[in-house]
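S.K.: Right, I'll just put the structure down here and ask away after.
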Protein chains: 2
Amino acid sequence: MRTKICFGKRALMAKNPQQVLALSGGIGGAKLALGLYQELPDDALSVLCNTGDDFTHLGLCISPDIDTVLYTLAGLSNRELGWGRAGETWAFMKALEAIGGQTWFRLGDGDLALHVERTRRLNAGESLSVIMDDIRLRLQVHARILPMCDQSVPTLVHTQQGTLPFQEYFVKLQCKPAITGFEFHNAPSAEPTQAVRELLAADSLQAIIICPSNPFISIDPILAVPGLRDALRSCAAPIIAVSPVIGGKAVKGPTAKMMDELSIPVSASAVAEHYGDLLDGYVLDTEDAMLADSLSLPHRITSTWMRTDEDKRALASDVMDFAGSLRASQQQHG
Amino acid sequence: MRTKICFGKRALMAKNPQQVLALSGGIGGAKLALGLYQELPDDALSVLCNTGDDFTHLGLCISPDIDTVLYTLAGLSNRELGWGRAGETWAFMKALEAIGGQTWFRLGDGDLALHVERTRRLNAGESLSVIMDDIRLRLQVHARILPMCDQSVPTLVHTQQGTLPFQEYFVKLQCKPAITGFEFHNAPSAEPTQAVRELLAADSLQAIIICPSNPFISIDPILAVPGLRDALRSCAAPIIAVSPVIGGKAVKGPTAKMMDELSIPVSASAVAEHYGDLLDGYVLDTEDAMLADSLSLPHRITSTWMRTDEDKRALASDVMDFAGSLRASQQQHG
């Protein structure tokens, strides 16, 4: 493990002596984020969210991954659907259909408030990060929910049917077209937000957790923000990824199908290889214990399938324990 | 009664041999519009709606009077509230409040579809008249719902507390400030739409009905569109207003309060005077029969209070009968 040097000395996190940063996409990542949120002290967690899925639909600015994390941490998420709000109603969609509006992307009545208010504030010139920080505070979420950047970096999906905007591929076509690659459009013009730069420069940062999100469409867009990967690598805190693949299958979503189409073996170790030298540690499921010997980096074998909130907290606890041991080892050898 | 000459000979309304144009604001006007809609053959009615109340709220383009007429004719209106949709739910407003959004102007979940879709289409460059014509057709409304113009002509309310945007005066401050006058902002830049110009030029136009809407904030904005008052006057069809004042009181809304504040007697005859030489006939309630002698124009005394749908149809029938007698008299003396 390389010795890291924190590149800043700012003590902005003074009232929160321990900070943890989690990188997350939507549902899979949000599960571990919830576990961390419940395990860690208030205000200790920051979740750096993919905004590559963001798009404008019906004139509304929609941030699916940020919203899933927000609703999950606020205790408002719809656990059956895996997105949107619990107890949601659909009068808007029904009325929209009757007047000829597009209905392929479903927006619940309560959920709409977030999109309408975010759109209004963005159009008034506020940044996504400022807006979401205000909203998470209003929903009494004691974790920071950080967009990967305030610029628009839409993920484009290269498929055998041509290049598709992400939500068209993901929702409208239900991930059916075979992918050939991804493009994080306008990524060169993006930059990490002030909040992320400060957090990564803070001595108080204890661990960086890459949640078990889809590496290609949830984590890679975050890492494509110029300077962010280097800033993560330069940070003293260990970077630990939790495998989204268990026993050669993805728990949910198109991760396995994508790996297959990209001619990558569908395995926990292939995900570790994908992240490469970014990682200081890797967490894989007990079902994949036999892969441990093939890994060239410190690892922790534990149960990573999060069915219940207890599972989420237990995994979060394991990951934080692993981070502690990596920090201790780093101090011994640093 | 002056003799009118139709200034165009276009026969665009060929498939609808009889055309009736109703000028309307929101709830009061929509009641008579519904009566006319039910009494007249399909496609015979056009409702020219006030858009002076229109405003942008939460980033959404809202057209209260058009929407009230639309929902009323589509059988979707909320008769308890007097605005919005029947069976409306309020999950959006509740969620909006939780994230700090403005809630003084209430938008129901189903109603939102109209505002979101209209806003999207306006921002894509379509005109309000084209959008609303498409939507009324989708809702199977066999009457045309015509905005008074496609330009923004926001009503400003001059009050003793200063000048207020209309909805701030009307909804937020519940018409409490004493008014001193009205301003139809940007009216000089507006123009009647193609559909209105064609209708007013059509030989098939049988009657123009000014619904019992508020003269100052519902009808005057329509008449302030340059060329529209003259086009109405030049039209062969008789123009008939139905009094919004019965027995010195307005059935609903701030009409009486406004007349009082403007030092105008609160009476049916004062409303007729307000419209002046625009009118060919006037309909007033039986309760105001004693005022008939003071009117200098043809009039019809009937029950104008529309409590039930039967009342609405009966009044519509009376008004159409009155229009027929005015046309006959016009042909005799023309």
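S.K.: What is the angle, in °, between the Cα long axis of helix A:64-73 and the longest principal axis of the Cα atoms in chain A? Nearest 10 is fine, range 0 to 90.
M.R.: Around 70 degrees separate the two axes.
S.K.: Now for a different question. Per-residue mean of other chain beta-carbon atoms within 10 angstrom of the beta-carbon, peptide B:139-145?
M.R.: Partner-chain Cβ atoms within 10 Å, mean over residues of B:139-145: 1.
S.K.: To the nearest 20 Debye, how big is the dipole of chain B about its Cα centre, given +1 on the beta carbon of each Lys and Arg and -1 on that of each Asp and Glu?
M.R.: Approximately 320 debye in magnitude.
S.K.: Once fully extended, how much extra length lies between B:D203 and B:Q332, figured as 0.36 nm per residue of separation less the alpha-carbon to alpha-carbon distance?
M.R.: Net length gain for the segment: 44.7 nm.
S.K.: Which order do peptides A:98-106, A:251-259, B:43-51 fall in by mean Cβ count within 10 Å, highest first?
M.R.: Order by mean packing, descending: B:43-51, A:251-259, A:98-106.
S.K.: Taking a ≥ b ≥ c as the square roots of the Cα gyration tensor eigenvalues, with a/c under 1.5 meaning rounded and otherwise prolate when a/b beats b/c, else oblate, which class fits the protein assembly as shown?
M.R.: Taking the square roots of the gyration eigenvalues as a ≥ b ≥ c, the protein assembly as shown is prolate.
S.K.: Shape verdict for region B:259-327, please, from the Cα gyration tensor: rounded (a/c under 1.5), prolate (a/b greater than b/c) or oblate.
M.R.: Here region B:259-327 falls in the oblate category.
S.K.: In sequence order, what are the phi-derived ³J(HN,Hα) couplings for region B:111-120 according to the Karplus relation 6.51 cos²θ - 1.76 cosθ + 1.60 with θ = phi - 60°, rounded to whole Hz, with x for glycine and proline?
M.R.: Calculated HN-Hα couplings, in order: 4, 3, 4, 5, 5, 5, 5, 4, 4, 4 Hz.
S.K.: Then there's this: With axes computed from alpha carbons, what is the tilt in degrees of helix A:27-39 against the longest principal axis of chain A, rounded to the nearest 10 within 0 to 90?
M.R.: 60
S.K.: Relative to the first principal axis of the alpha-carbon coordinates of chain B, what is the inclination of helix B:128-138, with its axis defined by its Cα atoms, in degrees from 0 to 90 and to the nearest 10?
M.R.: That helix lies at roughly 90 degrees to the long axis.
S.K.: From the Cα gyration tensor of region A:57-100, with a ≥ b ≥ c the square roots of its eigenvalues, which class applies: rounded if a/c is under 1.5, or else prolate if a/b is larger than b/c, or else oblate?
M.R.: Taking the square roots of the gyration eigenvalues as a ≥ b ≥ c, region A:57-100 is oblate.
S.K.: While we're looking at this one, here's another question. Which Rg and Dmax, in Å, describe the Cα atoms of chain A?
M.R.: 19.2, 67
S.K.: Here's something else I'd like to know. So what is the 222 nm mean residue ellipticity for chain B from helices alone, if each DSSP H run of at least 4 adds -39500 (n - 2.57) and you divide by all residues, rounding to the nearest 500 deg cm²/dmol?
M.R.: Value at 222 nm, helices only, nearest 500: -10500 deg cm²/dmol.
S.K.: Using Cα-Cα distances under 8 Å and only pairs 6 or more residues apart, what relative contact order does region A:26-138 have, in percent? Mind dumping the intermediate values first?
M.R.: Working: 107 pairs, mean separation 22.9, N = 113.
About 20 percent, as a whole number.
S.K.: In percent, what relative contact order does chain A have, based on Cα pairs under 8 Å that are 6 or more apart in sequence?
M.R.: 22
S.K.: Normalising by the residue count of region B:219-334, find the relative contact order in percent from Cα pairs under 8 Å and 6+ residues apart.
M.R.: 24
S.K.: Moving on to the next point. Using the 7 Å Cα-to-Cβ label point, sort the distances from B:L173 to its equivalents in the other copies shortest first and give them in nm to one decimal.
M.R.: 5.5
Since every read-out is calculated from the coordinates, none of them should be taken as a lab result. Please read all numbers here as calculations on a predicted model, not as lab measurements. Don't worry about glycine lacking a Cβ; one is built from the backbone with ideal geometry, like all the others, and counts go over all protein chains shown.
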